[in-house]
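Let me begin by presenting the structure, written as C-alpha cells, before commenting on it.
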Amino acid sequence: MIRAIAWREWRALFLSPLAFVILGVTQIILARLFLGHVNLFLMIEGRLTTLPNAPGLTTLVATPLLGNVGVLLLLITPLATMRLIAEERHNRTLTLLYSSPASLTEIVLGKYFGILGFYAIIILMSLAMPMSLLIGGQLDWGALACGLLGLVLFASTLAAIGLFMSTLTRHPAVAAMGTFGVVFFLWIVDYAGHGRGAGGALVGYLSIVNHYEPFLRGLFDTSNVAYYLVLTVTFLIFSVRRLETDRLGTR
Amino acid sequence: MSNPEVLVETDVVTRFYGRHAAVSDMSFMIRRGEVLGFLGPNGAGKTTTMQMLSGNLAPSSGRILIAGHDMREAPERAKAHLGYLPEYPPLYREFTVDEYLDYAAALRRIARKARHGARERAKARCGLSDVGGRLTANLSKGFQQRVGLAQAIIHDPDVVILDEPTVGLDPIQIREVRTLIRELGREHAVILSTHILSEVQASCDRVQIIHKGSLVLSEDIDTLMARMESQALIAAFRKTPDLNAIGALPQVRSVAMVDDGRVRILHEPGTDPTDAIVRLALEQDWGLREISPEHSTLESIFVELTGESPEAA
C-alpha cells in the first residue's frame, strides 16, 4: 500500500516538468560551485603538501559540495513538497485515498517515501561530481559517508516539514511559502541567539544547520542523528493528525 | 435468499458543521441486491451522507457498519468492501486511464497478478476499452465519469456508493450508466444519490427522500409506485358544476376547484368513480369536456413531503 502510493507520487513528479527543471537547475548550480571548490583546491595544493595533517580533496571539495546541496535543498523543498497533499485536496483526488482501505499512516508514509525517492535522485546526481575526482585523486570514504549520512538525515527532515505544511492547505503555493518559512526560520534561528545562558543554548540547539555541520566535518554524533529523527517523526505524526482532523473537521 | 445479508447499516448518524446539523439522526440499512436511491434537493445532506458512508467524513455521532465492520473501529476492513464515486470523479489528470485504474486496484489491495484482469473487467463494464491509453485529463466529461465509476467497482466491492452518477452525461450515456447500476444492483448493494426524480424511478428498488438532513420517506419503489397510482380525477366542465353533488358520491373523498377552472376529485384508493361522475354530469347537463385520472408523480410526493418544489430548493 505504502509502496503503491509512493510509486504514484514519484511518477506524478516526473510526469510534470517541475521535477526535471529542479534537477536541471540544481545540477547547473552545483557544477558551478564544484568548479569553485576544485579551483580553490588547485590554487593551494602546492602549499598543502608542506603542511602536516593537511586537509585533502574530500575536506576541501566533496564535503563543501554536500553543504551546498543542503542549502539548495532548503530552496527546493518548498517546491518539491508543496503538491503532496495540497494538490490532491485541491483536485479532490484525496477522496480516492480516503475511501480506499489505506490507513492515514500509510497514506502519509507513502507520500513521504515518494518524495524521498525524488530527494535520493538529487543526492545521487550531486554525488556524481565528487566521484569524478577519483579519476585523478583519492577520497576519504569515511568522511564522505559521514557527510552523506548527514545530508540524507537533513533532507528527510526537510521533506517531513514540507509534507506537513502541505497537509495544512489546499493551495500548493501556500504550502510552499509555509515550508519555506519554517525551514528558513529553523536555519537562521540562532543568528541573533549566540547569547549566553540556557536560552541561547536552546536556540542554538534548535538550528537545523548546527546539526548538519558536524557531519560535514566528519563527526558522527548520535545526538545529531536523534535531532533529525525526532524532528522527522514529529512532523510525520503531525501530518497524520492533520489528515485525521480533515475527516472530523468542521467546514 | 429471502433475507439477504445487510451490507450497510447506519445507526442514528448525525453530522454537524459548526452548529448546523447537515445530517441528523439518520438510520437505515441496505441489503445485498438492493439499489437504494437517495433523493433530495441540493443541500439536503446527500453528499454529506455519502461522504460519511464512504469514510471520507466522520459522523459527529452515531455508527456506520459496512458489511458488518464498524467504520470507526475498523475503517480499513470496512473500506475494503466499499467503492465510492464522489460528486467529482477523483482523477489524476497526468495519468492514463490504465495507469489510473492500476493505481486504484493497488490501493484496494488487489494482488499484483490480478490487477490486469480486474482493470480490464472494470473497463469493459464501463465501456472504456478503447480509451485505456488516453490521459484522463483529455477525456470528455462523460468518459471521466465512467473512469470514476470503473475505479469504484474495480475491486468488486459489496457496497457501491455513487454520488450523482449521471451528472454531465448525455441521454445515451445516462441510459448506459443506469443499465450498469441495475446490473451492479443484482449482486451488490448500490446507493446512489440524485436530485433527479426520474432517475430513482428508472434505477432504484428503494427510495429514501432526505430533506434538511433528515429522512422524510423511506419506501420500496413498488409501494411508492402504488402510492402514486391515481387517487384523483381531473374533470373539466363547460358550466359550473355543483361540487356538493359530486362530493356526495360514495367513492369520492373530497372535491376541489383547481386554479384553471377544472375540478380535482379525490377518491378512495382502489375505486373508480368515473362512471358515476359522467352519469351525474349528463343528468345535470354540466357539459363534461374532459375527465382523466391525475398522474401523481414522484415530484408531487416530494412536494407533499417537503413542502417545496425540487427545482426551487
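Read-outs: derived from the displayed coordinates by stated rules, not from any lab. The shown structure was predicted, so the numbers you read here are calculated from the model rather than taken from an experiment. Here Cβ is always computed from backbone atoms with ideal geometry, including for glycine, and neighbour counts include all displayed protein chains.
Taking the C-alpha atoms only, the angle from helix B:141-153 to the longest principal axis of chain B is near 70 degrees. Between A:LEU60, A:LEU153, A:LEU216, find the one with the highest GNM mean-square fluctuation for chain A; connect C-alpha pairs within less than 10 Å. Answer for the Gaussian network model of chain A: A:LEU60.
Counting Cβ atoms of other protein chains within 10 Å of each residue's Cβ and taking the mean over peptide B:143-156 gives 1.
Within 10 Å of the Cβ of each residue in A:10-23, the mean number of Cβ atoms contributed by other protein chains is 1.
Computed about its Cα centre, the charge dipole of the protein assembly as shown is approximately 1920 debye, with only Lys, Arg, Asp and Glu carrying charge at their Cβ. Charges were assigned to the Cβ only: +1 to each Lys and Arg, -1 to each Asp and Glu. The resulting dipole of chain A about its Cα centre is roughly 660 debye. Would segment B:81-132 count as rounded, prolate or oblate if I go by the C-alpha gyration tensor, calling it rounded below 1.5 in a/c and otherwise prolate when a/b exceeds b/c, oblate otherwise? Rounded, because the longest to shortest axis ratio a/c is under 1.5.
For chain A, the longest principal axis of the alpha carbon atoms and the long axis of helix A:2-15 meet at an angle near 70°. Assuming a ≥ b ≥ c are the square roots of the Cα gyration tensor eigenvalues, decide whether segment A:88-247 counts as rounded (a/c under 1.5), prolate (otherwise, with a/b larger than b/c) or oblate. Oblate is the answer for segment A:88-247, as a/c is 1.5 or above yet b/c matches or exceeds a/b. Projecting the Cα atoms of B:LEU162, B:ILE301, B:ALA80 onto the charge dipole of chain B (Cβ charges, centred on the Cα centre) puts B:ALA80 farthest toward the positive pole.
When the Gaussian network model of chain B links Cα atoms closer than 10 Å, the mean-square fluctuations of B:GLY33, B:GLY45, B:GLY287 top out at B:GLY287.
Under the convention that each Lys and Arg Cβ holds +1 and each Asp and Glu Cβ holds -1, the size of the dipole of segment B:6-224 around its Cα centre is about 500 debye. Mean per-residue shielding of peptide B:73-85 is 3, counting Cβ atoms of other chains within 10 Å of each Cβ. Which residue, A:ALA176, A:ALA198, A:ALA12, tops the fluctuation ranking in a GNM of chain A built on C-alpha contacts under 10 Å? Evaluated over chain A, the most mobile residue of the options is A:ALA198. Of the trypsin sites (Lys or Arg not before Pro) found in segment B:204-262, those in coil by DSSP whose Cβ has at most 13 other Cβ atoms within 10 Å are B:ARG238, B:LYS239.
Segment B:14-55 and segment A:219-251 have Cα centres lying 34 Å from one another. Output the antiparallel fraction of DSSP beta bridges having both residues in the protein assembly as shown, as a percent to the nearest 5. The antiparallel proportion sits near 65 percent. Mean separation of Cα pairs under 8 Å and 6 or more residues apart, divided by the residue count, gives chain A a relative contact order of 27 percent.
Taking +1 at the Cβ of each Lys and Arg and -1 at the Cβ of each Asp and Glu, which of A:PRO101, A:ALA159, A:LEU134 sits farthest along the dipole of the protein assembly as shown towards its positive end, judged by Cα position relative to the Cα centre? Farthest along the dipole direction, towards plus: A:LEU134. Dipole orientation for the protein assembly as shown: of the candidates B:SER27, A:CYS146, A:MET82, A:CYS146 has the Cα lying most toward the positive pole (charges on Cβ; Lys, Arg +1; Asp, Glu -1).
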